[in-house]
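The values are calculated or read from the model by the stated rules, or taken from the named source; none is laboratory data. Please read these numbers as outputs of a predicted model, since none were measured by experiment. Every residue, glycine as well, gets a Cβ built from its backbone with ideal geometry; the counts of neighbours run over all protein chains shown.
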Amino acid sequence: MYKALLFHPEGDKVTDFANSKTKQEVWNAINNMGSRWVFYPLPFVATDKTIVDAPNGLEFLKGKRISTVVKFLKTQWSEKSDEICDGINAGIPLELIY
């Protein structure tokens, strides 16, 4: 089973669309979720412990453990939060900032 992990730029995450049968089912749900948050999160498709699909620009995180992705995002945020915020304010998709 697959689920969506929706990450805040700081590395916090929520799970949504759990128990989906295919990766495509999760991506379809992500693409149709609208704007539930103030910002658009970084979406990933995952199993219970592993990232199985990632947005363009972050494909290098496929196959990584979820805990590894959390650490990566937290490190990126601590090292370049101003650049990330500037990108968000400019409307650049988050996956292109990392």
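Of the listed requirements (1) within 15 Å of Leu6 (Cα to Cα); (2) over 11 Å from the mean Cα position of the chain (by Cα); (3) not in a loop (DSSP other than H, G, I, E, B), Ser78 misses just one: (1). If the condition is being in contact with a helix residue (DSSP H, G or I) (Cβ under 9 Å, 6 or more places away or on another chain) and either within 12 Å of His8 (Cα to Cα) or exposed (fewer than 12 other Cβ atoms within 10 Å of the Cβ) (or both), then the stretch 84-98 contributes Ile84, Ile88, Leu94, Leu96. Of all residues in the stretch 57-86, those that are hydroxyl-bearing (Ser, Thr, Tyr) have Cβ atoms under 9 Å from Cβ atoms of residues that are buried (at least 17 other Cβ atoms within 10 Å of the Cβ) and assigned to a helix (DSSP H, G or I), 6 or more apart or on another chain, in Thr68/Leu61. Considering only residues in the stretch 9-36 that are assigned to a loop (DSSP other than H, G, I, E, B) and in contact with a Leu (Cβ under 8 Å, 6 or more places away or on another chain), the one that is modelled with the lowest pLDDT turns out to be Pro9.
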